[in-house]
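K.L.:
Structure below; questions to follow.
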Amino acid sequence: MASSKDPGMGAPGAFPVDRPTEALVRDHDMVRSLSDKYLNSDSQEVKMQAGKQILQALHMHSRLEESVFYPAVRCIDEALIKHFEQDHQKVDDLLATLDGMSLGDAHSDALMRELISAVSAHIQEEENELFPRIDGSGVDMTSVGLQMQSFEANMVHTQAQLSDQGAMRR
Ligand SMILES: [Fe+2]
Ligand SMILES: [Fe+2]
């Protein structure tokens, strides 16, 4: 039986190196569906789990864009990329605040809603204002895709090591 389960970030062999924006859109879709889950659930447990997954996915997605993707496409529209980097800064500030909190109380819920709304607007803008301009820009996206693939694989590997260490300490 074919599984419809999304392979998720960093699944082996899943990175579309010749069309790396597809990988970014896939991350965006994952964040959108986790956000819907967070906003529409009455269960505290579901909210906390979805919230945690949102924080982690956003952290990795932002690093991937800032380290590899944005520098590669900056030539398409310098001002737009600058604007996106400022969006990331705002999101990072919220992530840092939320990271130290126990998700589930009213204050963290308000911050989480603020985060979700900022992120939805940001990813929509990336998809509408930037991605359609990449084709025909002359940027070698396969080379960018290969760099993104290895950057992401590294992050996933480091993340796995960190959680292994965490598990050993428990
Ligand atoms: Fe972004
Ligand atoms: Fe993005």
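K.L.:
Regarding the stretch 51-115, what's the average projected area of the Cα-atom convex hull, expressed in nm²? Walk me through the numbers on the way to the answer.
P.N.:
Values: hull surface 17.4 nm².
Computed as one quarter of the Cα hull surface, the answer is 4.3 nm².
K.L.:
Pairs on different chains or at least eight residues apart, Cα atoms closer than 20 Å: how many lysine pairs in the chain fit? Mind dumping the intermediate values first?
P.N.:
Values: Lys5/Lys37; Lys5/Lys52; Lys37/Lys47; Lys37/Lys52; Lys52/Lys90; Lys82/Lys90.
Taking the Cα cut-off of 20 Å, the pair count is 6.
K.L.:
Would you kindly calculate the mean projected area, averaged across all directions, of the convex hull enclosing the Cα atoms of the stretch 20-161, in square nanometres?
P.N.:
Dividing the Cα hull surface by four gives the mean projection, 8.4 nm².
K.L.:
Where the eigenvalues come from the Cα gyration tensor of the stretch 18-81, what are the semi-axes √(5λ) of the equivalent ellipsoid, largest first, in whole Å?
P.N.:
Details: eigenvalues 169, 23, 19 Å².
Over the Cα atoms of the stretch 18-81, the semi-axes work out to 29, 11, 10 Å.
K.L.:
Shape verdict for the stretch 95-170, please, from the Cα gyration tensor: rounded (a/c under 1.5), prolate (a/b greater than b/c) or oblate. Don't skip to the answer; put the middle values down first.
P.N.:
Values: a/c = 5.61, a/b = 1.30, b/c = 4.33.
Note, shape of the stretch 95-170 comes out oblate.
K.L.:
What relative contact order, as a whole-number percentage, does the chain give when Cα pairs under 8 Å and 6 or more residues apart are counted?
P.N.:
36 percent
K.L.:
Oh, and also: Can you tell me the accessible area per residue over the chain, all protein chains present, probe 1.4 angstrom, in square angstrom? All intermediate terms of the calculation are to be shown ahead of the outcome.
P.N.:
On the way: 9680 Å² over 170 residues.
On a per-residue basis, the chain sits at 57 Å².
K.L.:
While we're looking at this one, here's another question. Pop out the carbon and sulfur fraction of the accessible area of the chain as a percent, whole number, probe 1.4 Å. Each step should come with its number before you reach the end.
P.N.:
On the way: 4950 of 9680 Å².
Roughly 51 percent of what the probe reaches on the chain is carbon or sulfur.
The values are calculated or read from the model by the stated rules, or taken from the named source; none is laboratory data. Note that this is a predicted model, so its numbers are computed, not measured. Each accessible area value is taken on the protein alone, full model and side chains, heavy atoms only, with ligands, DNA and RNA left out. Shrake-Rupley method; radii C 1.70, N 1.55, O 1.52, S 1.80 Å.
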